[in-house]
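Trainee: Take a look at this one; I'll ask things after.
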Amino acid sequence: MPAKNDPGLGPDESRAPWLDAPAHRAFLIRDAHHALDFFDASPRDDGGFHTLDSAGRPLPDGLQELHTTTRLVHSYALAGIAGRPDRAGIVDRGMDYLWRGHRDADHGGYAWSCDQAGIADGTKLAYGHVFVLLAASSAAMAGHPDAGRLLADISELLDRHFWDSQAGLFRDEFTRDWQPFSDYRGMNANMHGVEALLTAFEATGERDYLRRAGRILDFFVSRTARAEDWRIPEHYSADWQPDRAYAGNPMFRPAGTTPGHSFEMARLHLHHWDLAGRPGNDAPAEARALVETALADAWSDHGGLAYTLHFGGAVDNPTRFWWPVTEAIGALAALAKLEPREDDEKWYRRLWRFADTRLIDHEAGGWFPEADTGCGPATGQFSGKPDIYHALQADLFALTPGLSRHAEGLRIGQPLALTGGFSHGR
């Protein structure tokens with residue numbers, strides 16, 4: 001039998017694909033439960049959520065950012081669908097805080113951050129608003145009674161303020177009272193927009209969500225990535241041309257390209273293709289090109305994946321965060337479900353082994369956000385453990401049989417209600 005923290009297999013299963021192997025699936029379930037146990041400590045007594053340190057204690061900063069609230073709602077909604085009761089009431093608390101805290105009663109929309117006094121930063125960002133759509137959609141599939149009003153409100157706001165119907169893309173940022181204050185356009189908000197739109201389609205069946213996701217993917221993958229040797233520039237001008245000179249916040253708007261986003265976009269491209277009825281063979285080939293290019297560019301001699309690249313693929317920022325590893329796992333799992341290949345299996349195993357030895361906190365639960373160049377976690381950009389969202393999806397999406405409709409697969413399989421995995425099948 002594998003050790004408790006071994007992501008792999010016993011000797012009798014060494015040839016089996018990990019997605020189908022009971023030992024690996026049991027590992028994924030344990031990791032998901034352990035992370036959920038850790039983040040159960042997130043709720044604040046006065047509403048909203050704490051950011052937690054590495055041991056699960058609240059950090060002193062009481063600022064609540066929109067993407068944190070929404071990602072917790074989405075993650076715990078998925079966990080509930082998968083069979084784990086929400087013991088901490090995180091979905092209820094998060095849905096209430098989105099409506100009573102982040103929602104701007106004066107100007108509409110959702111404020112980027114709040115504190116105990118109310119709205120702290122009222123900036124209206126597409127990045128935050130698409131996560132509201134994701135949270136509302138996942139809460140709807142989990143049967144939350146407030147999901148309908150949130151879904152209706154955020155869909156109307158995205159349509160009225162952020163959606164550029166001519167370009168088929170989301171604009172990025174406005175002041176609290178909806179005045180444009182820059183001509184910045186970004187890939188990241190649009191990528192997470194695809195994620196939210198696909199989830200909204202699954203929750204409602206409304207095909208406009210699916211069409212809009214397809215337009216975004218066509219721009220960033222089929223056109224831009226193809227023209228950029230299968231790398232995706234992060235930043236764009238008002239007329240949606242790559243802005244190669246842009247150098248904003250080095251963490252949240254870094255220069256160049258971000259291989260972790262290539263993995264995310266590849267998985268979402270396959271997700272959309274599957275929902276759309278699998279038209280043609282372009283999407284699988286394009287997704288594979290994104291994944292193989294990002295792995296070749298970003299994999300470190302020390303293991304893990306570099307954070308950012310120069311436009312030609314050379315490493316810019318070599319820091320090895322947790323989330324690119326989780327997204328590479330998700331993309332390779334999707335490729336393996338579609339067409340199992342030996343090289344994909346090797347990469348999938350390599351990534352999980354790195355995560356197991358360098359990123360997963362087997363004592364407290366959750367994942368450390370950064371690996372150092374030795375044998376332990378690094379303490380650099382992030383304080384504590386910033387979120388559950390990326391790692392939980394790496395666990396749960398691998399446990400579902402399809403490229404899309406993960407919530408449906410989790411509802412049928414109920415993996416978090418079981419002590420072991422359920423049959424993957426093809």
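Trainee: So which residues in segment 197-213 are surrounded by fewer than 23 Cβ atoms within 10 Å (Cβ to Cβ) and either within 13 Å of His269 (Cα to Cα) or touching a Gly at 6+ places or on another chain (Cβ under 8 Å) (or both), if there are any at all?
Mentor: Leu210, Arg211
Trainee: Would you tally the residues in segment 57-101 being at pLDDT 95 or above, small (Gly, Ala, Ser) and assigned to a loop (DSSP other than H, G, I, E, B)?
Mentor: Number satisfying all stated conditions: 4.
Trainee: Cβ-Cβ distance below 6 Å, separation of 6 or more or different chains: which pairs start in segment 315-329 with a residue that is under 13 Å from Leu295 (Cα atoms) and end on one that is in a helix (DSSP H, G or I) and of a type in the set (Phe, Trp, Tyr)?
Mentor: Correct list of pairs: Glu327/Phe263; Ala328/Phe263.
Trainee: Taking segment 295-319 on its own, how many of its residues are closer than 21 Å to Lys346 by Cα and over 17 Å from the mean Cα position of the chain (by Cα)?
Mentor: Filtering segment 295-319 for residues closer than 21 Å to Lys346 by Cα gives 295-306.
Those still in the list that are over 17 Å from the mean Cα position of the chain (by Cα) too: 295-304, 306.
Count: 11.
Trainee: I've got another one for you. Select from segment 242-277 the residues that are aromatic (Phe, Trp, Tyr) and within 15 Å of Val221 (Cβ to Cβ) and write down the one among them that is nearest to the chain's Cα centre (by Cα). So that I can check it myself, show each step before the final result.
Mentor: To start, the set of residues in segment 242-277 that are aromatic (Phe, Trp, Tyr) comprises 246, 252, 263, 273.
Next, only the ones that are within 15 Å of Val221 (Cβ to Cβ) stay: 263, 273.
Details: Phe263: 10, Trp273: 18 Å.
So, considering only residues that are aromatic (Phe, Trp, Tyr) and within 15 Å of Val221 (Cβ to Cβ), the one nearest to the chain's Cα centre (by Cα) is Phe263.
Trainee: Taking the stated definitions as given, is Ala41 part of a helix (DSSP H, G or I), at pLDDT 95 or above and among the small types (Gly, Ala, Ser)?
Mentor: Details: part of a helix (DSSP H, G or I): no; at pLDDT 95 or above: yes; among the small types (Gly, Ala, Ser): yes.
No: the conditions fail for Ala41.
Trainee: For segment 341-364, enumerate the residues that are in a helix (DSSP H, G or I), over 21 Å from the mean Cα position of the chain (by Cα) and not basic (Lys, Arg). Step through it out loud before you land on a result.
Mentor: Restricting attention to segment 341-364, the residues satisfying the condition of being in a helix (DSSP H, G or I) are 342-359.
Imposing the further condition that a residue be over 21 Å from the mean Cα position of the chain (by Cα) reduces the set to 342-343, 345-346, 357.
Of everything in segment 341-364, those that are in a helix (DSSP H, G or I), over 21 Å from the mean Cα position of the chain (by Cα) and not basic (Lys, Arg) turn out to be Glu342, Asp343, Glu345, Thr357.
Trainee: Could you please let me know if Ala294 is surrounded by 17 or more Cβ atoms within 10 Å (Cβ to Cβ), small (Gly, Ala, Ser), touching a Ser or Thr at 6+ places or on another chain (Cβ under 7 Å) and more than 18 Å from Ala213 (Cβ to Cβ)? Spell out how you get there, then give the answer.
Mentor: Working: surrounded by 17 or more Cβ atoms within 10 Å (Cβ to Cβ): yes; small (Gly, Ala, Ser): yes; touching a Ser or Thr at 6+ places or on another chain (Cβ under 7 Å): yes; more than 18 Å from Ala213 (Cβ to Cβ): yes.
The answer is yes for Ala294.
Trainee: Let me ask something else. Could you check how many residues of segment 194-242 are out of contact with any Leu (no Cβ under 8 Å at 6 or more places or on another chain) and of a type outside the set (Asp, Glu)? So that I can check it myself, show each step before the final result.
Mentor: Looking only at segment 194-242, we keep the residues that are out of contact with any Leu (no Cβ under 8 Å at 6 or more places or on another chain), and these are 205-208, 211, 214, 218, 220, 222-224, 226-229, 233-239, 241-242.
Then keep just the ones that are of a type outside the set (Asp, Glu); that gives 205, 207, 211, 214, 220, 222-224, 226-227, 233, 235-238, 241-242.
Qualifying residue count, segment 194-242: 17.
Trainee: Another question about this same structure. How many residues, within segment 121-161, are buried (at least 21 other Cβ atoms within 10 Å of the Cβ), small (Gly, Ala, Ser) and under 26 Å from Leu63 (Cβ atoms)?
Mentor: Residues meeting the conditions: 8.
Trainee: Right, next: Just wondering, is there one or more residues in segment 59-69 that are surrounded by 18 or more Cβ atoms within 10 Å (Cβ to Cβ) and farther than 20 Å from Phe252 by Cα? Steps first, answer last, please.
Mentor: Of the residues in segment 59-69, the ones surrounded by 18 or more Cβ atoms within 10 Å (Cβ to Cβ) are 64-69.
If we keep only those that are farther than 20 Å from Phe252 by Cα too, we end up with none.
No, there is no match, as no residue in segment 59-69 is surrounded by 18 or more Cβ atoms within 10 Å (Cβ to Cβ) and farther than 20 Å from Phe252 by Cα.
Trainee: Let me ask you something else. Need pairs with beta-carbon distance below 8 Å; first residue over 12 Å from Trp273 (Cα atoms) and within segment 207-223, second surrounded by 15 or more Cβ atoms within 10 Å (Cβ to Cβ) and of a type in the set (Val, Ile, Thr); sequence gap 6+ or separate chains.
Mentor: The qualifying pairs are Ile216/Val194; Phe220/Ile232; Val221/Ile232.
Trainee: Could you look through segment 9-35, keep only residues that are over 13 Å from Leu399 (Cβ atoms) and of a type outside the set (A, V, I, L, M), and pick out the one that is modelled with the lowest pLDDT? Explain how you work it out, then say what you get.
Mentor: Just the residues of segment 9-35 that are over 13 Å from Leu399 (Cβ atoms), to begin with: 9-17, 23, 34-35.
Among the residues that remain, those that are also of a type outside the set (A, V, I, L, M) are: 10-15, 17, 34.
On the way: Gly10: 51, Pro11: 45, Asp12: 42, Glu13: 52, Ser14: 60, Arg15: 72, Pro17: 94, His34: 98.
Selected residue: Asp12.
The values are calculated or read from the model by the stated rules, or taken from the named source; none is laboratory data. Keep in mind it's a predicted model, so treat the numbers as computed, not measured. In this analysis, Cβ positions are derived from the backbone assuming ideal geometry, glycine residues included, and neighbour counts consider all displayed protein chains.
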